[in-house]
Amino acid sequence: MTETNLIDGRWVGADSGASFEIRDPATDRVVGRVPNAGAEEARRAVDAAFGAFSAWAARPAVERAEVLDALAARLISDRDELAALLTEEQGKPLSEARAEIDYARSFFEVSARTCLSIRDESPSVPGKKVRVHRRPVGVAAAITPWNFPIAMLAKKMAPAMAVGCTQVLKPAEQTPLSAIALLERAMDSGVPSGVLNLVTGDPSAIGAAWLQDSRVRKFSFTGSTEVGRLLMQGAATNLQRLSLELGGHAPMIVFEDASVERAVDIAMAAKYRNGGQTCICPNRFLIHGDLHDRFVSRLASRSAGLVSGRGDRPGVDLGPMIDDAAISKVESHVADAIDRGAEVVTGGDRRRVEGLADRFFAPTVLTECTSGMRCWTEETCGPVCPIRRFEDEDEAMAMANDSVFGLASYVVTDDQERIRRLGDELHTGIIGVNDPGPAVASVPFGGVKHSGFGREGGRWGLEEYLELVTVSTIEPTSV
Ligand code: NAP
């Protein structure tokens with residue numbers, strides 16, 4: 001039996017003994033198996049997390065911080081091993097896998113530091129002594145996607161553990177091995193039994209078991225808007241607090257004062273991370289008319305030069321799409337754009353890579369795009385750059401904000417007045433100005449509109465796992 005679920009400190013299999021295969025998306029080779037668990041195992045995971053909560057919450061913050069720091073140290077010593085596993089089951093190039101491990105580590109480090117500074121507050125109220133206390137919400141559930149399997153889990157584990165919550169976790173079906181490897185290291189780092197529990201298997205049964213359990217007080221989800229909506233409906237029964245990190249459809253606006261070379265550098269770095277399978281990567285390029293043709297030509301030639309292949313091979317820039325459904329979606333978005341009048345400047349189709357699965361898509365640059373195209377309204381989640389031109393700032397802002405999504409946006413400009421206006425004018429939770437990587441562990445990360453709500457990162461991330469208690473005292477002498 002495959003015994004890689006973690007419940008109450010023990011590695012166990014599914015009750016039924018059933019398991020499912022994990023495949024390398026580049027080769028289709030089976031690289032592991034994990035338990036196919038369901039509602040009953042999910043409920044037992046909550047039993048364990050509930051049982052462990054009081055003792056973990058009662059530990060001094062400095063002791064919890066030591067455990068987080070120990071885990072961060074393991075992510076340094078085991079970086080290459082974890083990165084190799086991540087590349088094998090997820091497909092991204094090794095350099096990106098290493099960067100993901102570093103990004104994950106930074107959440108443990110930041111949370112360890114930040115939990116030490118959580119203090120009660122004392123607002124001034126005439127005639128009373130008021131103390132605003134923060135306490136951990138209790139058992140927290142987390143469900144994560146496949147595109148950043150270690151980082152997405154770390155973003156939820158680190159703040160929850162830091163403030164004294166215990167957790168039940170479910171990774172994506174494509175990438176549970178990295179999650180299991182992270183949990184193994186967490187247990188080696190001194191996490192007590194029951195504080196972290198992990199279940200793999202039937203997503204709707206596991207999710208429903210946690211939503212229906214009133215002991216689960218917080219639900220943190222990263223994934224698609226569709227599933228986020230379902231979870232929000234489910235959370236209504238027990239009024240669980242929610243953080244929803246959902247789909248994105250980031251615009252990148254290049255203004256007339258930008259250097260074309262720098263704009264293309266930023267576009268390349270932001271767009272092709274993880275083959276475009278990144279929630280914050282730019283999906284809609286808005287280029288000022290004065291720069292449009294030069295930008296398109298430079299972006300197309302740099303994109304065409306990217307090398308596709310197995311992520312563990314030197315010089316590879318782009319791995320495979322995660323699965324067949326993902327590449328079919330990219331293909332259908334490009335076909336739809338072409339049908340509606342887009343011009344393919346480079347790419348536009350699958351790219352065969354000798355000896356590997358048919359899951360690679362050529363880096364694609366499309367011009368003459370319009371708002372009716374699927375690639376302009378839906379998240380493509382692949383290496384496709386649809387481009388439109390604009391003539392002034394108002395037009396650019398209107399086009400950028402014309403989306404139900406609001407996770408990230410990118411702007412290339414040096415105009416300081418314009419930069420000051422962006423925070424009010426661009427309707428996204430994150431804005432990268434001349435910055436292709438605005439997501440760091442010490443600042444808030446999250447979206448608005450259909451990209452969800454709640455924030456990960458820094459003290460804002462910890463606040464998501466804390467509830468406020470107002471203790472209002474009339475002291476005997478003043479009664
Ligand atoms: P998904 O289908 O929503 O899956 C995400 C997770 O939800 C997986 O663990 C999945 O389990 C689980 N799930 C699926 N159906 C469920 C249900 N009925 N109840 C409970 N859990 C359920 O998303 P995806 O396609 O894998 O991930 C890509 C999406 O995530 C994109 O939209 C991307 O933008 C978004 N994303 C957002 C952020 C952010 O921070 N905003 C970050 C990364 C990714 P199974 O794998 O077992 O099906």
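Things worth noting here:
- A Cβ distance below 6 Å, combined with a sequence gap of six or more or placement on separate chains, defines the contacts here; from region 89-103, residues that are over 24 Å from ARG33 (Cβ atoms) reach residues that are aliphatic (A, V, I, L, M) and modelled with pLDDT of 95 or more in the pairs PRO93/VAL316; ARG98/ALA83; TYR103/ALA151.
- For region 412-435, a tally of residues being touching a Lys or Arg at 6+ places or on another chain (Cβ under 8 Å) and closer than 16 Å to PHE285 by Cβ returns 2.
- Single match in GLY234, GLY190 (criterion: small (Gly, Ala, Ser) and within 14 Å of the ligand (Cβ to nearest atom)): GLY234
- Here the strands (runs of 3 or more DSSP E) wholly within region 376-442 that include at least 1 residues being within 23 Å of VAL345 (Cβ to Cβ) and touching a helix residue (DSSP H, G or I) at 6+ places or on another chain (Cβ under 8 Å) are 384-390, 408-412.
- Among the residues making up region 272-300, those that are more than 16 Å from the ligand (Cβ to nearest atom) and either over 15 Å from ILE387 (Cα atoms) or buried (at least 17 other Cβ atoms within 10 Å of the Cβ) (or both) are PHE285, LEU286, ILE287, HIS288, LEU291, HIS292, PHE295, VAL296, ARG298, LEU299, ALA300.
- Breaking point among (1) of a type in the set (D, E, K, R); (2) assigned to a strand (DSSP E or B); (3) within 14 Å of the ligand (Cβ to nearest atom), for ARG134: (3)
- The listed residue being of a type in the set (Gly, Ala, Ser) and part of a loop (DSSP other than H, G, I, E, B), out of SER106, SER111, SER54, SER117: SER117
- For region 106-129, the criterion of a residue being within 16 Å of the ligand (Cβ to nearest atom) and crowded, with 23+ Cβ neighbours inside 10 Å is satisfied by at least one position.
- Taking the conditions (1) touching a residue at least 60 places away in the same chain (Cβ under 8 Å); (2) in contact with a Lys or Arg (Cβ under 8 Å, 6 or more places away or on another chain); (3) part of a loop (DSSP other than H, G, I, E, B) in turn, THR2 satisfies each one other than (1).
- From the options ALA57, ALA39, residue that is touching a residue at least 60 places away in the same chain (Cβ under 8 Å) and farther than 18 Å from MET187 by Cα: ALA39
- Given (1) of a type in the set (Val, Ile, Thr); (2) assigned to a helix (DSSP H, G or I); (3) crowded, with 18+ Cβ neighbours inside 10 Å, number of the condition VAL62 does not satisfy: (3)
- Test set (1) within 26 Å of ALA325 (Cβ to Cβ); (2) of a type outside the set (Phe, Trp, Tyr); (3) within 16 Å of the ligand (Cβ to nearest atom) - SER371 fails condition number: (3)
- Among the residues of region 443-467, the ones that are outside any strand (DSSP E or B) and either among the charged types (D, E, K, R) or within 13 Å of the ligand (Cβ to nearest atom) (or both) come to 12 in all.
- Of all residues in region 186-222, those that are touching a Cys at 6+ places or on another chain (Cβ under 9 Å) and either at pLDDT below 95 or within 27 Å of SER451 (Cβ to Cβ) (or both) total 3.
- If you filter region 320-372 down to residues that are hydroxyl-bearing (Ser, Thr, Tyr) and touching a residue at least 60 places away in the same chain (Cβ under 8 Å), you find that the one that is nearest to GLY382 (Cα to Cα) is THR364.
- In region 199-231, the residues that are within 11 Å of the ligand (Cβ to nearest atom) and among the aliphatic types (A, V, I, L, M): VAL199, ALA205, ILE206, ALA208, ALA209, LEU211, VAL227, LEU230, LEU231
- Among the residues of this structure, CYS381 counts as one that is on the phi > 0 side of the Ramachandran plot and within 15 Å of the ligand (Cβ to nearest atom).
The values are calculated or read from the model by the stated rules, or taken from the named source; none is laboratory data. What you are looking at is a predicted structure, and each value in this text was computed from that prediction instead of being measured. Note that we place each Cβ from the backbone using ideal geometry, even for glycine, and neighbour counts take in every protein chain shown.
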